[in-house]
Amino acid sequence: MAIAVSPPSRHPSPRCCPLTLSRHPILPLSPQALYTLLSSWWLCIGAFAICGTWGFAYGMRREAASLDIAGVPVPKPLACGGASLLLMLLTGMISAFAYAAVLGAVVALPHAALHKVPEAGGFDEESAALNAAIPAASIVA
């Protein structure tokens, strides 16, 4: 006898909060990120330089597997990641990211506190059904 159990949903039902954007959770924070990026010329220059670095590596040098830096072949992800980190440090993007993350938490935590807590009965039944459907031998400690 097979038990057909649907996995529990990660998001609350749309009825609890009409502003829940479960498919696109980054959308509410996009204006804040754009405002933070446009707040300084250094952040804009850094963003364009990072986009240019990755665009050069994967757009103009598409066929090459690595980039030659000072005569040494370096894999593209390592070269672009290192250049991105250096540009982020030089232009102040890391501190701006930390500011945006803290501000996002200040906005998101009160929003999360306003969600209605789902009733425990439904989740307990689904959890018990899922635990019963998984054989004990397949669980690796």
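What follows is calculated from the coordinates using simple rules that are stated; it is not laboratory data. Not measured: the values here are computed from a predicted model. Methodologically, a virtual Cβ is constructed for each residue, glycine included, from the backbone with ideal geometry; neighbour enumeration extends over all protein chains shown.
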Would you please give the FRET efficiency between I69 and A98, computed as 1/(1 + (r/R0)^6) with r the Cβ-Cβ distance and R0 = 22 Å, to the nearest 0.05?
0.15
In Å and from the alpha-carbon atoms only, list the Rg and Dmax of the stretch 33-115.
16.8, 57
So for each of 62-68, 86-92 I average, over its residues, the number of other beta carbons within 10 Å; can you give me the resulting order with the highest mean first?
86-92, 62-68
